[in-house]
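Below is one structure, written out as structure tokens, with a few remarks after it.
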Amino acid sequence: MLNIIIVTIVFGSLVALATLICGTILIIFKTRSNRRSSGAIDSEEAKIIQELYQGLEKLEARIESLETILTEDQEKDRYKK
């Protein structure tokens, strides 16, 4: 009877150890794949932010042009009066 308990403990320990090792390997692979996909997301976010920045620069140039047009029109109105 004691031999059966010892064999069960040994094989149970081996199964638990194998499960622990496999679980650790799976967790490592998942975290590595998440890092890769998050890196892709980060690069996409950076690209979107750059596009937004460029769009805002264009908008700023348009606003400056409109301000110039408005100030010129106001100066023309002053001279007409």
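The values are calculated or read from the model by the stated rules, or taken from the named source; none is laboratory data. Values in this document were obtained by computation on a predicted structure and should not be read as measured data. As a convention, Cβ positions derive from the backbone with ideal geometry for all residues, glycine included, and neighbour counts pool all protein chains shown.
Condition check ((1) exposed (fewer than 10 other Cβ atoms within 10 Å of the Cβ); (2) modelled with pLDDT of 90 or more; (3) more than 36 Å from the chain's Cα centre (by Cα)) across all residues:
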site: 12; (1), (2), (3): no, no, yes
site: 34; (1), (2), (3): no, no, no
site: 38; (1), (2), (3): no, no, no
site: 42; (1), (2), (3): no, no, no
site: 45; (1), (2), (3): no, no, no
site: 51; (1), (2), (3): no, yes, no
site: 55; (1), (2), (3): no, yes, no
site: 71; (1), (2), (3): no, no, yes
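Quick one: would you say residue 65 is of a type in the set (S, T, N, Q), assigned to a helix (DSSP H, G or I) and modelled with pLDDT of 90 or more? Spelling it out, residue 65 is indeed of a type in the set (S, T, N, Q), assigned to a helix (DSSP H, G or I) and modelled with pLDDT of 90 or more.
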